[in-house]
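Each remark here refers to the structure printed beneath this line.
The values are calculated or read from the model by the stated rules, or taken from the named source; none is laboratory data. Every value quoted in this text rests on a predicted model; they were computed, and no experiment measured them. As a convention, Cβ positions derive from the backbone with ideal geometry for all residues, glycine included, and neighbour counts pool all protein chains shown.
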Amino acid sequence: MKSTRVTMKDVSVAAGVSQATVSFVLNDKPGETISPETRDRVRRAAADLGYRPNGAARALREGTSRIVILNVARLPHGGTGLAAFIDALDAELEHLDHMLLVRYRAGSDDIERMTAMVAPRAVLDLDRIYNSPDAEAEVADGGWTEGLAAHTAVQLRHLVDGGHTTIGMALPDGRPELERLAALRLDYARRTLGDLGLEGPPTLTMGAGVDEDRTALSDFIDRHPAVTAIAALDDDTALRVLAASRALDLPVPGRLAVIGFDDAGAGELVSPSLTSVRIDTAAFGRRLARQVLGLPEGDAAPTPSPATVIRRRSA
């Protein structure tokens with residue numbers, strides 16, 4: 001079957017110019033003396049015909065394709081934060097005539113193989129960042145200014161500002177892909193509390209089910225009776241703490257304040273509603289799209305707002 005794909009030759013015929021002129025115009029090649037009228041005619045013809053550049057051919061010219069690879073293999077995929085980040089990154093790249101390819105599955109050579117296959121314009125390896133040594137991860141994502149460390153500090157400081165001086169941190173069990181991220185968050189929490197002259201946080205590791213969660217929280221309270229607040233790794237873990245608290249008749253926030261992280265959406269549907277930390281991940285995605293292409297941020301990608309606490313009833 002004959003291909004119906006519109007070619008550069010079709011555009012040149014429709015515009016009444018050479019294929020070389022079409023190439024110069026559509027690729028914005030500098031230094032060519034082509035009149036504005038001819039440029040407009042070529043662009044109108046391309047638009048009317050629905051012309052799309054041949055990605056493989058353009059990759060050979062530019063040395064890369066217009067694909068950006070994003071690797072999020074071991075990051076938590078359930079929250080709204082990562083989804084909003086990816087959507088905004090994808091939309092901004094599409095606006096800039098690039099395409100986003102997201103890799104969710106972990107593999108030792110996955111990114112290398114994908115890079116060899118598609119010759120991407122750039123690789124954004126968030127998986128590597130958050131599974132790197134502490135210092136490297138801290139610097140790479142914005143650290144205490146706008147990165148995970150800063151967001152963790154917002155979470156802990158909310159509890160301290162509420163009068164809590166002995167704070168625990170809840171982590172999920174049975175999710176090895178989150179071990180490194182949990183270790184980073186725990187380190188940032190310790191340093192935040194240390195800067196405030198406080199110790200901790202002791203860790204509460206939730207179980208694999210409702211009964212195990214209840215047992216884990218009961219044992220934790222027995223070992224750390226002075227704890228009056230829990231900061232969770234994410235909203236999912238925080239919701240498990242809330243459920244275990246109800247099962248043990250522990251009043252929230254009267255006996256135990258609970259705060260989540262990432263404001264995944266379900267927190268406002270439970271009772272008591274879950275206080276959480278919201279991060280402007282969409283703004284980070286838009287800004288990163290322009291940064292990775294070497295473009296000025298400007299009004300299209302303003303600096304993300306600081307993380308904010310969404311105050312509900314649990315803390």
Looking at (1) closer than 22 Å to LEU274 by Cα; (2) of a type outside the set (A, V, I, L, M); (3) without any contact (Cβ under 8 Å) to a residue 12 or more places away in the chain, which one does PHE220 not meet, given that it meets all the others? (3)
Among the residues of the range 153-182, write down those that are modelled with pLDDT of 90 or more and over 25 Å from PRO225 (Cβ atoms). ALA153, VAL154
The range 163-185 residues that are within 16 Å of LEU126 (Cβ to Cβ), paired with ones that are surrounded by fewer than 16 Cβ atoms within 10 Å (Cβ to Cβ) and of a type in the set (D, E, K, R) (beta carbon under 7 Å, 6 or more apart): LEU184/ASP134
Checked the range 255-266 for anything surrounded by fewer than 24 Cβ atoms within 10 Å (Cβ to Cβ) and at pLDDT below 95; matches are ALA264, GLY265, ALA266
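I'm trying to understand the selection: among the residues of the range 237-294, which are charged (D, E, K, R) and over 30 Å from ASP97 (Cβ atoms)?
ARG240, ARG246, ASP249, ARG255, ASP262, ASP263, GLU268, ARG278, listed by residue number.
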For the range 155-186, give me the residue count where each residue is over 16 Å from GLY200 (Cα atoms), of a type outside the set (Asp, Glu) and assigned to a helix (DSSP H, G or I). 4
Take the residues in the range 23-69 that are assigned to a loop (DSSP other than H, G, I, E, B) and in contact with a strand residue (DSSP E or B) (Cβ under 9 Å, 6 or more places away or on another chain), then tell me which one is modelled with the highest pLDDT. ARG66
I'm trying to understand the selection: among the residues of the range 187-203, which are in a loop (DSSP other than H, G, I, E, B) and polar (S, T, N, Q)? none
Restricted to the range 275-310 and to residues being among the polar types (S, T, N, Q) and surrounded by fewer than 17 Cβ atoms within 10 Å (Cβ to Cβ), the residue modelled with the highest pLDDT is THR308
Any chance GLU94 is charged (D, E, K, R) and modelled with pLDDT of 70 or more: yes
Across the range 190-223, the tally of residues that are of a type outside the set (Lys, Arg), closer than 13 Å to ILE167 by Cα and under 26 Å from the mean Cα position of the chain (by Cα) stands at 5
Could you identify the single residue in LEU186, LEU148, LEU204 that is in contact with a helix residue (DSSP H, G or I) (Cβ under 8 Å, 6 or more places away or on another chain) and either modelled with pLDDT of 90 or more or among the β-branched types (Val, Ile, Thr) (or both)? LEU204
